[in-house]
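Notes follow the structure.
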Amino acid sequence: MASITLADLGKIYPGGARAVGGVNIDIADGEFIVLVGPSGCGKSTLLRMVAGLESITEGEVRIGDRVVNKVEPADRDIAMVFQNYALYPHMSVRQNLAYGLKNRGTPRAEIDRRVNEAAEILQIGQFLDRKPRALSGGQRQRVAMGRAIVREPAAFLFDEPLSNLDAKLRVAMRLEIKELQKRLRTTSLYVTHDQLEAMTLADRLVVLNGGRVEQIGTPLEVYRRP
Ligand code: ADP
Ligand code: ADP
C-alpha cells in the first residue's frame, strides 16, 4: 500500500484546452477516495494522469515518496479497473487472471496462489475455465477486478467500473467493492457519477468542477445540506 499525492496537478491538452488545474489532494495509505463531478469536469483525465496513460503537463503525482510523472504505467505499482472490462476474449478466466503475472516472470506457484485467492475473494472459482463470452456482465466485471487484485498493487484506480451494468447488478457490485475494500484496504481512487456509489464507498469525496477541486470531505460533509 502507499499514499498518493497530487501536487498542483494540471493538464493542458495539445491545442491549449485546460482539462485539470491546481489540484492538490493527499490520499492516505489505505484511503478510498471517490472523484465525482459533472461530465467533462476532468475526472477521467485526472485518473489517467495518475495511471500514466496521459502525460502530466503541470505539477506532480507521487506514489509513496516517489515522483511518478515520467514513470511507465507498468512500473508505478498501480492497477486500473476499466468500465469495459478489457478482458482477452480468446483466453479462459484463469489465463486472463494469470497473464500479466506470467509476463512479469512471476513463478508458477505464486501465480496459482494469487489467482486462487482472487477467485475466492470475488467468488469466481467456478468460472475459471470459461471464456469471457460465457460470463454475465457482473461476472466479467469481477474478472476485471481480479486482474487488478492479482497484481497486489500499491493502489487501485477505478474508472466508472460499474457504469455498464444494469441497475440491480450495480447495487450488488457496489456492496462487493465495499467488502473488497474492507478486506484489502488498498489505497483507491474511484471515479463515478453515481451518488450512491460515492456515498457507500468513499472515505473522502472529491468534487471536481471545471478541472478544479470544488469540495473535498467525507460523504456527510459533502452531501450535507447547507
Ligand atoms: P470527465 O471524465 O469528468 O467527463 P474528461 O477528463 O474526460 O472529463 O475531460 C475533461 C476536459 O478535457 C473536457 O473538456 C474534455 O473535452 C477535454 N478532453 C478530454 N480528453 C481530451 C483530449 N484527448 N484532447 C483534448 N481535450 C480533451
Ligand atoms: P495484463 O494486461 O494482463 O496485466 P501485461 O502485464 O503485459 O498484461 O500489461 C501490459 C501493460 O499494461 C503493462 O504496461 C502493464 O503494466 C499495463 N497494465 C496491465 N494491466 C493493468 C492494469 N490493470 N492497470 C494498469 N496498468 C495495467
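Summary of computed values
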item: Yes/no for Val50 being over 13 Å from Arg147 (Cβ atoms), in contact with a Gly (Cβ under 9 Å, 6 or more places away or on another chain), modelled with pLDDT of 95 or more and crowded, with 20+ Cβ neighbours inside 10 Å; result: no
item: Given (1) loosely packed, with under 15 Cβ neighbours inside 10 Å; (2) within 16 Å of ligand 2 (Cβ to nearest atom); (3) closer than 28 Å to Met49 by Cβ, number of the condition Lys102 does not satisfy; result: (3)
item: Test: residue in the stretch 152-166 that is among the aromatic types (Phe, Trp, Tyr) and over 28 Å from Arg62 (Cα atoms); result: no
item: Qualifying residue in the stretch 32-43 (condition: free of Cβ contacts under 8 Å to residues at least 24 places away in the same chain and within 16 Å of ligand 2 (Cβ to nearest atom)); result: no
item: Sole exception among (1) out of contact with any Gly (no Cβ under 6 Å at 6 or more places or on another chain); (2) modelled with pLDDT under 95 for Met1, by number; result: (1)
item: Elements of type strands (runs of 3 or more DSSP E) in the stretch 164-226, at least 1 residues being away from ligand 1 (no atom under 16 Å from the Cβ) and buried (at least 21 other Cβ atoms within 10 Å of the Cβ); result: 187-191
item: Restricting the stretch 52-68 to residues that are β-branched (Val, Ile, Thr) and touching a residue at least 40 places away in the same chain (Cβ under 8 Å), the residue that is farthest from ligand 2 (Cβ to nearest atom); result: Thr57
item: Evaluation of Val150 against (1) under 27 Å from Ser44 (Cα atoms); (2) away from ligand 2 (no atom under 12 Å from the Cβ); (3) at pLDDT 95 or above (one fails), failing number; result: (2)
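The values are calculated or read from the model by the stated rules, or taken from the named source; none is laboratory data. These figures come from a predicted structure and were not determined experimentally. Positions of Cβ are backbone-derived with ideal geometry, glycine not excepted, and every protein chain shown enters the neighbour counts.
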